[in-house]
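The values are calculated or read from the model by the stated rules, or taken from the named source; none is laboratory data. Small disclaimer: the values here were computed from a predicted structure and weren't measured. FYI the Cβ positions are ideal-geometry reconstructions off the backbone, even for glycines, and counts take in every protein chain you see. Surface accessibility is based on the protein's heavy atoms, side chains included, excluding ligands, DNA and RNA. Shrake-Rupley method; radii C 1.70, N 1.55, O 1.52, S 1.80 Å.
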Amino acid sequence: MKILAVNPGMISTKVGVFIDEEIVMHACINHPYEELCKYPFIMDEFDYRKDALVAELKRQGYDMDFDVIVGRGGLVKPIESGVYELNDKVIEDTRHPRLHHACNLGSLIALALAKEIPGCRAFTVDPGVVDELDDVARITGLPEAPHRTIWHALNQREIAKRYCREHGVKYEEQDLIVCHLGSGISFAMHHHGRAIECSDALSGDGPFTPSRAGIISPVDIIHLCFSGKYNEKEMLRKINGHSGLTAHLGTNDVREVEKRISEGDEHAKLVLDAMIYSVSRHLASLAPATYGHVDAVILTGAIVHSKYVSEQLTKRLEFLAPVFIYPGEDELTALAHNAYRAMTGQQEIKEYK
């Protein structure tokens, strides 16, 4: 079975070709900033990214003759975890998403390419809006603003299952705190196969990150909104893109921050340590969801390539449970393996309604 997996990010599109469950080609198509600036909105990048993907496949000797194309899911309405066959309803909702992010292009590209190939099917898997919260976790102090989820569901679940395979335990029997640390940081409590508590990472929930503000006093945000300095669009960009490490240090690259620290920049060290502390504090807050029972803490994402960040997080979190590090992300593999299992009858194919 020949499977194409498509994972659009903010400045790149990752693509993988799989034969059954084995990856035979991987590419990261970088999109120069000056190219992306030509498009007022992310959705306007559709043809540009689709054409770049097809060109890369041809460059590497692959024809468009796939059995399945699976794309990263967009920010549609909350749904349960699983594999979904792409249909007109999910595409319509993806074109009018809750929030704007490059992940919204994954499903659109997958279905568009599949329609050009006779007999090819198009899927998406575990989009960031997967919602398995316990009801008690949905209530906030403002009835009109319930807690919602936007998180790295795809990678978190794949890494959690890999940890369970490696340790001879069942994912459906574990209580796991999982945190994805990248330009965005999301965390969840995986209780017996369900994420019963997790963050709304794209909207500012949780710790501050390389480019996001995280939780800030509502009073301070209100004062900024009515200060006359920012309009709505500028405030949204300020808290989601121009804050975190970027606001303090002018960079969202942890490697650059560590370089400055090695050169004696004490302020850079203070800010990075503050982000690590902020992450630790929010992860520890998940423990009440399972009445304090935690089998393992799992850290994944690009930032945990950093030995310093991983070690400091481990020191602050190992009182909860043993800490395990899985650097990077495995979203292409997660997409392809779920699609393969669905096509071979090992996993249910769900309908988006």
Legend entry - Among Cys120, Cys28, Cys37: highest mean-square fluctuation, GNM of the chain, C-alpha pairs under 10 Å: Cys37
Inset, instruction - Relative to the longest principal axis of the C-alpha atoms of the chain, give the angle of the C-alpha long axis of helix 331-343, reported between 0 and 90° and rounded to the nearest 10°. - result: 40 degrees
Legend entry - Karplus-derived 3J(HN,Hα), 6.51/-1.76/1.60, for each residue of the range 223-235, Hz, glycine and proline x: 4, 5, 4, 9, 6, x, 8, 9, 8, 4, 4, 5, 5
Inset, instruction - For the chain, find the longest principal axis of its Cα atoms and tell me its angle to the long axis of helix 46-59, 0 to 90°, nearest 10. - result: 60 degrees
Inset, instruction - Could you tell me the number of lysine pairs in the range 1-113 with C-alpha atoms less than 23 Å from each other, where the two lysines are 8 or more residues apart or belong to different chains? - result: 10
Inset, instruction - Please give, to one decimal in nm, the separation of the simple spin-label points placed at Lys38 and Ile11, each 7 Å out from Cα toward the Cβ. - result: 1.9 nm
Inset, instruction - For the range 149-254, compute Rh as the Kirkwood radius over C-alpha pairs and then the Stokes-Einstein diffusion coefficient at 4 °C and 1.567 mPa s; write the answer in µm²/s, rounded to an integer. - result: 85 µm²/s
Inset, instruction - Kindly express, to the nearest 10 degrees and within the range 0 to 90, the angle between helix 266-284's C-alpha long axis and the longest C-alpha principal axis of the chain. - result: 70 degrees
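Determine the equivalent ellipsoid of the range 210-287 by diagonalising the alpha-carbon gyration tensor, then write out the semi-axes as square roots of 5 times the eigenvalues, largest first, rounded to whole Å.
Numbers: eigenvalues 125, 61, 20 Å².
Equivalent ellipsoid of the range 210-287: 25, 18, 10 Å, largest first.
First compute the accessible area of the chain with a 1.4 Å probe, then give the percent of it belonging to carbon and sulfur atoms.
Working: 8760 of 16740 Å².
That share works out to 52 percent.
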Inset, instruction - Please list 154-163, 260-269 highest first by mean number of surrounding beta-carbon atoms within 10 Å per residue. - result: 154-163, 260-269
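All other residues with a Cβ under 14 Å from the Cβ of Ile42 taken together, and with Lys, Arg as +1 and Asp, Glu as -1, what is their net charge?
Values: positive: Lys38, Arg49, Lys50, Arg72, Arg95, Arg98, Arg237; negative: Glu35, Asp44, Glu45, Asp47.
For residues surrounding Ile42, the net value is +3.
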Inset, instruction - Express the accessible area of the range 232-327 per residue in Å², computed with a 1.4 Å probe while the remaining protein chains stay in the model. - result: 54 Å²
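What percentage of all Cα-Cα pairs in the range 230-353 are separated by more than 20 Å? If you can, show how the numbers build up before the last one.
Details: 4675 of 7626 pairs.
The share of Cα pairs beyond 20 Å in the range 230-353 comes to 61 percent.
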Inset, instruction - State in Å² the accessible area per residue of the range 1-62; use a 1.4 Å probe, count heavy atoms of protein chains only, and round to the nearest integer. - result: 53 Å²
Inset, instruction - Rounded to whole Hz and in sequence order, give me ³J(HN,Hα) for the range 324-329 from the Karplus expression 6.51 cos²θ - 1.76 cosθ + 1.60, θ = phi - 60°, writing x for Gly and Pro. - result: 10, 10, 10, x, x, 9
Inset, instruction - Kindly write out, for the range 148-157 in residue order, the coupling ³J(HN,Hα) from the Karplus curve 6.51 cos²θ - 1.76 cosθ + 1.60 (θ = phi - 60°), rounded to whole Hz, with x marking Gly and Pro. - result: 10, 10, 9, 8, 7, 4, 4, 6, 4, 5
Legend entry - Extension gain (nm, one decimal) between Ser285 and Asp88, 0.36 nm per residue minus Cα-Cα: 67.0 nm
Inset, instruction - List the residues of the range 309-353 whose backbone N lies under 14 Å from a point placed 7 Å from the Cα of Val169 along the Cα-to-Cβ direction. - result: 320-325
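Counting pairs of alpha carbon atoms under 8 Å apart in space and at least six apart in sequence, what relative contact order in percent does the chain give?
Numbers: 678 pairs, mean separation 61.6, N = 353.
With pairs under 8 Å counted, the relative contact order is 17 percent.
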Legend entry - Summed residue charge, Cβ within 14 Å of Ser12's Cβ, Lys/Arg positive, Asp/Glu negative: -2
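As a check on your grasp of the helix formula, calculate [θ] at 222 nm for the chain: sum -39500 (n - 2.57) over DSSP H runs of n ≥ 4, divide by the residue count, round to the nearest 500. Numbers along the way, then the final one.
Working: 12 runs with 125 residues, N = 353.
Dividing the helical sum by the residues of the chain leaves -10500 deg cm²/dmol.
Taking the range 1-100, which GluC sites (Glu not before Pro) meet the DSSP loop condition and have no more than 11 other C-beta atoms within 10 Å? Before the final figure, lay out each step's value.
Working: sites: Glu21, Glu22, Glu34, Glu35, Glu45, Glu56, Glu80, Glu85, Glu92; in loops: Glu21, Glu80.
In loop regions of the range 1-100 (DSSP not H, G, I, E or B), the sparsely surrounded GluC sites (Glu not before Pro) are Glu80.
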Legend entry - Dipole moment magnitude, nearest 20 debye, the chain about Cα centre, only Lys, Arg, Asp, Glu C-beta charged: 400 debye
Inset, instruction - Taking just the C-alpha trace of the range 1-121, give me its Rg and Dmax in Å. - result: 14.0, 38
